[in-house]
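Worksheet: one structure, shown below.
The values are calculated or read from the model by the stated rules, or taken from the named source; none is laboratory data. Keep in mind that what you see is a predicted model, and the values were worked out from it rather than measured. Note that each Cβ is placed from the backbone with ideal geometry, even for glycine, and that neighbours are counted across all protein chains shown. Only protein heavy atoms, including side chains, enter the accessible area calculation; ligands, DNA and RNA are left aside. Shrake-Rupley method; radii C 1.70, N 1.55, O 1.52, S 1.80 Å.
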Amino acid sequence: MKEVHLLKRMAHALMSGYARKQEDPYRPDWHLSPCVGLLNDPNGFIHHNGRYHLFYQWNPFSCAHGAKFWGHWSSTDLVNWKHEPVALVPSESYETHGCYSGSAVVDQGAITLIYTGNVKYDDGSRTAFQCIARENTHGEYDKLGPVLTLPAGYTGHVRDPKVWRHDDRWYMVLGAQDLDRQGKVLLYGSADLLAWEKIGEIAGSRLGGLGDFGYMWECPDLFPLDGKEILICCPQGVPAEEERYLNTFQAGYLVGSLHYESGAYSHQGFHELDLGFEFYAPQTTLSEDGRRLLFGWMSIPDENEFFEPTIDHGWIHIMTCPRELTLHNDRVYQRPAHELQQLRRDHYTWHGAANYAPSLPVQSAEVLIDVQGEFQLTLASQLLLCWDGERVTMSRRNRRTGEPEHRYWRGNLRQLQILCDRSSIEVFINDGEAVISSRYFPEGEATMTFSGSGLLTLQHWLLASCVIE
């Protein structure tokens, strides 16, 4: 049986990789990372019966993209997590090349997974099946097989279903590529999660006033936020501009209004969700108290991911911190989920000119900076963050080429909230107006140093490790 064979190989990979964890300077203290192998997209993020569930794309066999499993964590508080049984193994004929990304809903009291079964053929072509798996009494998932085959008018690149309930009916958005090699987002409806009817294309390249905007749109997620419908999506093939769209692929959002019956989605322009070097494939859910929460994958596919030194320790990639989303003046704001504050330890404050600021330990730390005037900070001699009065610039050397590379934000800077965790940094600007995220790999203990004439008020906390059982 193929599933048993794959599970035996997975167990061997886990046992073989365990010894490498002992001396690993880059393993995060409180971000989620794979035990071994490659982690990518967050999947099936959902809250049910008092617990958050976060599934994830996982290749346990190597630090490479391959036939993906679905790993599974759960948590009561978004901070401390528990390993759950692996949810999906690519063992069936309709998923021979991976259980690709998808989402989760609660149906008939049980978590139900909706995911893409990926199949590639020897001639280089491919197809995709949208599939269902339901939770059983053992906390494992029984596959029901495909519920939607490849729709006419599209290539084999149709994937990443995100499903939700609206007015007693199920809806699904799918990332797609049409036969003209233009990226689209498709909307489907269903009464029972099993029989699906296409409503139409709601967004994409050459739609909604965007013009040519990418050859494939991945990982769509549509949800209401403060009276608007937000469509998160990941367009591939958008040309870089001087200060935006600088990653190989983009992750961003549209703000609009959806007419469910016709599929008409009127929306504004595309905005990047994270302006940093590493951010892709975000997915959201609702908390029990009604907050819209997001996890993202802190990497970019097909860029420089395989030059990360964690490969020497048998694993690669992490999730972002969980973030809370709100809408202000038709822009999505992101803040670290407030649950993360329980990690704070040893509060320290300081005020003065940046030139005289103390160096701060930031191996695992939170730094809150109120800003008056120009300054720059250096992180572990690896990253430079500069505010010149008009623009924030994050700079580092490309891990593949060694050449300098930069990411930018323009506006009126008042405050920075910076979260560091061994090999990652997330910079939240002006209480969530923008975010710049990056991986970095310090040699030795990481410190943050400051320079410049601007006045800074610093608050610093060391952050405790989370528990992963």
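Okay, here's what the table says:
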read-out	value
Tally, over the stretch 388-445, of residues that are out of contact with any Ser or Thr (no Cβ under 8 Å at 6 or more places or on another chain), of a type in the set (S, T, N, Q) and surrounded by 13 or more Cβ atoms within 10 Å (Cβ to Cβ)	6
Qualifying residue in the stretch 272-288 (condition: free of Cβ contacts under 8 Å to residues at least 24 places away in the same chain and either under 22 Å from Leu39 (Cβ atoms) or surrounded by fewer than 22 Cβ atoms within 10 Å (Cβ to Cβ) (or both))	no
Total residues in the stretch 245-265, condition under 21 Å from Leu325 (Cβ atoms) and surrounded by fewer than 19 Cβ atoms within 10 Å (Cβ to Cβ)	1
Pair list, Cβ under 6 Å, 6 or more apart: the stretch 131-160 residue open to solvent by 20 Å² or more (accessible area, probe 1.4 Å), other residue among the hydroxyl-bearing types (Ser, Thr, Tyr) and not in a strand (DSSP E or B)	Pro146/Tyr94
Entirely in the stretch 362-436, the strands (runs of 3 or more DSSP E) that have 1 or more residues that are within 18 Å of Ala337 (Cβ to Cβ)	364-372, 415-421, 424-429
Meets criteria (over 17 Å from the mean Cα position of the chain (by Cα), crowded, with 18+ Cβ neighbours inside 10 Å, over 16 Å from Ser266 (Cβ atoms) and not charged (D, E, K, R)) for Gly214	yes
Residue count for the stretch 177-201, restricted to those that are open to solvent by less than 10 Å² (accessible area, probe 1.4 Å), among the aliphatic types (A, V, I, L, M) and in contact (Cβ under 8 Å) with a residue 60 or more places away in the chain	2
Scan of the stretch 32-77 for residues that are surrounded by fewer than 21 Cβ atoms within 10 Å (Cβ to Cβ) and assigned to a loop (DSSP other than H, G, I, E, B), ordered by number	Cys35, Asn49, Gly50, Phe61, Ser62, Ala64, His65, Gly66, Ala67, Thr76, Asp77
Wholly within the stretch 287-338, strands (runs of 3 or more DSSP E) carrying at least 2 residues that are farther than 27 Å from Asn49 by Cβ and over 17 Å from the mean Cα position of the chain (by Cα)	323-328
Within the stretch 88-130, considering residues that are hydrophobic (A, V, I, L, M, F, W, C) and without any contact (Cβ under 8 Å) to a residue 60 or more places away in the chain, the one most open to solvent (accessible area, probe 1.4 Å)	Phe129
Selected residue [of a type in the set (A, V, I, L, M) and farther than 17 Å from Phe223 by Cα] from Val163, Val147	Val147
